[in-house]
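Below you'll find the structure, written out as structure tokens, and then a few comments.
The values are calculated or read from the model by the stated rules, or taken from the named source; none is laboratory data. Not measured: the values here are computed from a predicted model. For neighbour counting, all protein chains shown are included, and Cβ atoms are generated from backbone atoms with ideal geometry for every residue, glycine included.
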Amino acid sequence: MESLPTSQDDPRLQGWYHTVELGNGLVSKGIFDHRSVIDNYGIPASLKGKTVLEIATGDGFFAFEMERRGAEKVVAVDVPSIGACDWMPRMRTRLGDASNNRSWPAHFRMAHAMRGSSVEYRPASVYDLSPYTVGTFDVVFCGSLLLHLQNPLGALAAIRSITNEMLIIETAVDPAFEATPDQPLMSFGYPAPEKEAGEGNSYWVFSTCAFQKMLAYADFPVTVPQGVFLLPPSGPWGQAIVAYTDEPAHQTWTGTT
Ligand SMILES: C[S@@+](CC[C@H](N)C(=O)[O-])C[C@H]1O[C@@H](n2cnc3c(N)ncnc32)[C@H](O)[C@@H]1O
């Protein structure tokens, strides 16, 4: 492996998706710094003895956080390049060579080496997750992915097939929808102007009710919303839901057995 950054002004620490603490006081400069909102996700304080899968890990902020919380094993998956995301065909053609961009696996590798991490990285799409491809995990984490998928319900079914106990899942929500909390609402499309339809690679903004209903369809009968929050520095709005595979799992995790 090539040499690793040793000072904060190393240009390789610029242009990340996640702000990641890399050790020796070095921190990547991410578009999103989740450190101030980490408590909004409902991640258990201790994951001691648990196996964890993180889906759509990006630069790895959450996978490293799961490792820090004592998980016995953490596996992180993401698609191998930007071209493997769910683009509409016309946008995929337009991407051309840019579709080979692999910045996040490179950032993940750098953070992994700098932190001395044991997280296992595998290239995989959420749609291909199954007990046969990755095995099953006590805890599954998936942040800011559903909004980018053409088939979020199919993805949830794949996620359910590899979740033993708990899924922690966050996606974009519209706070305006919360005025009618019993309505399973969703809006379609990137929520800001686009020069070309579909270039934002964002399809859905849910209400919390719709998000919970989709999880119920995917066989997560117990869902606990954690509260709408603004992803720093300036959005979008997100909601994390802790979903359980059954009532006994819920009771075990909340200590109500
Ligand atoms: C908005 S980023 C979210 C990163 C991180 N999960 C978080 O919450 O900060 C979306 C991530 O989803 C990944 N992704 C897109 N399509 C995917 C798919 N079909 N399967 C797995 N990951 C995917 C992208 O590569 C990217 O890392």
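Scan the range 172-185 and tell me whether some residue there is within 12 Å of the ligand (Cβ to nearest atom) and either at pLDDT 95 or above or crowded, with 18+ Cβ neighbours inside 10 Å (or both). Looking for residues that are within 12 Å of the ligand (Cβ to nearest atom) and either at pLDDT 95 or above or crowded, with 18+ Cβ neighbours inside 10 Å (or both), one finds at least one in the range 172-185, hence yes.
Selection of the range 25-46 for residues being touching a residue at least 60 places away in the same chain (Cβ under 8 Å) and either farther than 28 Å from Ala243 by Cα or of a type outside the set (Ser, Thr, Tyr) (or both) yields Leu26, Ser28, Phe32, Asp33, His34, Val37, Asn40, Gly42, Ile43, Pro44. Considering the conditions (1) part of a helix (DSSP H, G or I); (2) within 17 Å of the chain's Cα centre (by Cα); (3) of a type outside the set (Phe, Trp, Tyr), Asp138 is excluded by exactly one of them, (1). Can you tell me which residue is nearest to the ligand (Cβ to nearest atom) among those in the range 113-158 that are among the aliphatic types (A, V, I, L, M) and touching a strand residue (DSSP E or B) at 6+ places or on another chain (Cβ under 6 Å)? This residue is Val126.
Which ones in the range 84-99 are within 13 Å of the ligand (Cβ to nearest atom) and either of a type in the set (S, T, N, Q) or in contact with a Pro (Cβ under 7 Å, 6 or more places away or on another chain) (or both)? Scanning the range 84-99 gives a single hit, Ser99.
If I ask for residues that are free of Cβ contacts under 8 Å to residues at least 40 places away in the same chain and either within 30 Å of Ile82 (Cα to Cα) or charged (D, E, K, R) (or both), which ones from the range 231-257 would you list?
Restricting attention to the range 231-257, the residues satisfying the condition of being free of Cβ contacts under 8 Å to residues at least 40 places away in the same chain are 234-235, 246-248, 250-251, 254-257.
Hits for the range 231-257 are Ser234, Gly235, Asp246, Glu247.
As a summary of the residue check, Asp128 satisfies the conditions (1) in contact with a Gly (Cβ under 9 Å, 6 or more places away or on another chain); (2) in contact (Cβ under 8 Å) with a residue 24 or more places away in the chain except for the one numbered (1).
Taking helices (runs of 4 or more DSSP H) as the structural unit, no element lying wholly within the range 20-127 holds at least 2 residues that are of a type in the set (Ser, Thr, Tyr), modelled with pLDDT under 95 and out of contact with any helix residue (DSSP H, G or I) (no Cβ under 9 Å at 6 or more places or on another chain).
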